[in-house]
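Participant: Below: one structure in structure tokens.
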2 protein chains.
Amino acid sequence: MKEIDLRIVKTKGALQEALLSMLKDKPLHMISVTAICREAKINRGTFYMHYGKVEDLFEEYFKEIMKDLTDSYMEPYKHVQILLSNELDPSTIRIFHHVEKYKKFYRIIFSKYVPMAYYYLLFDQVNQLLNQDIDEKHHAENKNMFSAYQANAILGMIIEWHREDFQKTATEMNNLFVEILNFHFRK
Amino acid sequence: MKEIDLRIVKTKGALQEALLSMLKDKPLHMISVTAICREAKINRGTFYMHYGKVEDLFEEYFKEIMKDLTDSYMEPYKHVQILLSNELDPSTIRIFHHVEKYKKFYRIIFSKYVPMAYYYLLFDQVNQLLNQDIDEKHHAENKNMFSAYQANAILGMIIEWHREDFQKTATEMNNLFVEILNFHFRK
DNA sequence: AATTTTATTGAACATGTGTATAATAAAATT
DNA sequence: AATTTTATTATACACATGTTCAATAAAATT
């Protein structure tokens, strides 16, 4: 038996394409299911067969970006060693470059009217990436709290970066991050 | 001339009360304008005269809670001195106790389907509170980035706390926060 | 207390949501 | 190639949204 029905692939593709196309003109929260289906030439009932709301459709695109984030991050970060050795090379942190690359996407993620769900997905991803490194440092009970602290601190920088409309370069953000970490160590 | 029309006060009060009452039964994103107006015995058109959507009505309640946060925080935090002196007394940090006090409220704020807007309001508040203390430590250009890092780190802990359904006590959270800061210093 | 101002109401309208149904058509299976 | 399976469509429904407008009633002003 076939794994996936070609009709489903076609339908989902058309809806994805329609949404991404419409996002060039309108913010996510102003795009209706009806409008997407009109654009994609897909029956509205079919939309609800695969998704519950516009955000669910967008979430599929979201997850693709998260893959790139993981790939970007996994390069040579080795977080703990860097954190502890105090020999942090800014160029080894790729997360800011990833955000810069998908600037347009992150403008959506960080917009006011978007549900928290996306932020949590992003948070989870960064959290997970950090968690791989922290293992030995903290007791199991506090591990989650510590990585939540660390992960969201970085996201805080990205929120601020976004608010400044990404004026700084990714490299500058890297340097700032190092500076902030060093500030913590030095004192 | 009168500053405020009594009719407006009455209407807004009725809508507030209706929303808060309904929040006991349903999550925010499942409450419709129509239902609130039905409950409050207020014409739907009148709602739209004062608010654009359910979230705007909720935001008024939100801002009241933010006042309490400021009051809680402003007690004896004096963040920089604590951060630098390494003589942090956990009992001086009141933010976790504030969250614990308004647990029910923060369950709404941190729920998946709520817009990012509330998170940003919270972020701004914490940010502002931190900013008062940091002044001298960083150059003006990096100040925002540093406090965004710090503020969101704390929010990260609260997110994790919320996810664990507030199992830990506020005092435990305080201690953990100190532990994490100390970890930064010690290494 | 009479008059002016304006918030509220009720009604209507075009549009969107979410769900359900039978008819159709496209893909998978034999 | 014929048959079976199932995704898609067209249509309809009850309900919500967001806006508009004249009529009303409540508050403020004189």
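Participant: Order B:Lys24, A:Lys67, most accessible first, counting only protein heavy atoms with a 1.4 angstrom probe. Present the calculation step by step, with values, prior to reporting the outcome.
Facilitator: Values: B:Lys24 160, A:Lys67 135 Å².
Greatest to least solvent exposure: B:Lys24, A:Lys67.
Participant: So if we plug the beta-carbon distance of A:Phe105 and B:His50 into 1/(1 + (r/R0)^6) with R0 = 30 Å, what FRET efficiency do we get, rounded to 0.05?
Facilitator: The value I calculate is 0.30.
Participant: Quick one: of A:Lys112/B:Lys67; B:Lys101/B:Lys168; B:Lys26/B:Lys103; A:Lys63/A:Lys103; A:Lys104/B:Lys143; A:Lys103/B:Lys143, which pairs are farther than 18 Å apart, Cα to Cα? Intermediate results must be reported in sequence, preceding the final value.
Facilitator: Numbers: A:Lys112/B:Lys67 21 Å; B:Lys101/B:Lys168 13 Å; B:Lys26/B:Lys103 16 Å; A:Lys63/A:Lys103 16 Å; A:Lys104/B:Lys143 26 Å; A:Lys103/B:Lys143 23 Å.
In this structure, A:Lys112/B:Lys67; A:Lys104/B:Lys143; A:Lys103/B:Lys143 lie more than 18 Å apart at Cα.
Participant: Okay, next question. If you bin every alpha carbon distance in the stretch A:6-50 into 5 Å steps from zero, what whole percent lands in each bin?
Facilitator: Reading upward from the zero bin: 5, 25, 35, 22, 11, 3, 0.
Participant: Right, something else. Report which residues of the stretch A:114-129 become buried by 10 Å² or more of accessible surface when going from the isolated chain to the complete set of protein chains (1.4 Å probe; DNA, RNA and ligands ignored).
Facilitator: Residues shielded by partner chains are A:Val114, A:Pro115, A:Met116, A:Ala117, A:Tyr119, A:Tyr120, A:Phe123, A:Asp124.
Participant: Please compute the modelled spin-label separation between B:Tyr120 and A:Glu179, points set 7 Å along Cα→Cβ, answer in nm with one decimal.
Facilitator: Modelled inter-label distance: 2.5 nm.
Participant: In Å², rounded to the nearest 100, what is the total accessible surface buried by chains B and A against each other with a 1.4 Å probe? The partial results should precede the final answer.
Facilitator: Details: alone 11520 and 11510 Å², together 18750 Å².
Roughly 4300 Å².
The values are calculated or read from the model by the stated rules, or taken from the named source; none is laboratory data. Since this is a predicted model, take the numbers as computed values, not measurements. We place every Cβ from the backbone using ideal geometry, glycine too, and count neighbours over all the protein chains shown. Areas reflect the complete protein model, heavy atoms only, side chains present, ligands, DNA and RNA absent. Shrake-Rupley method; radii C 1.70, N 1.55, O 1.52, S 1.80 Å.
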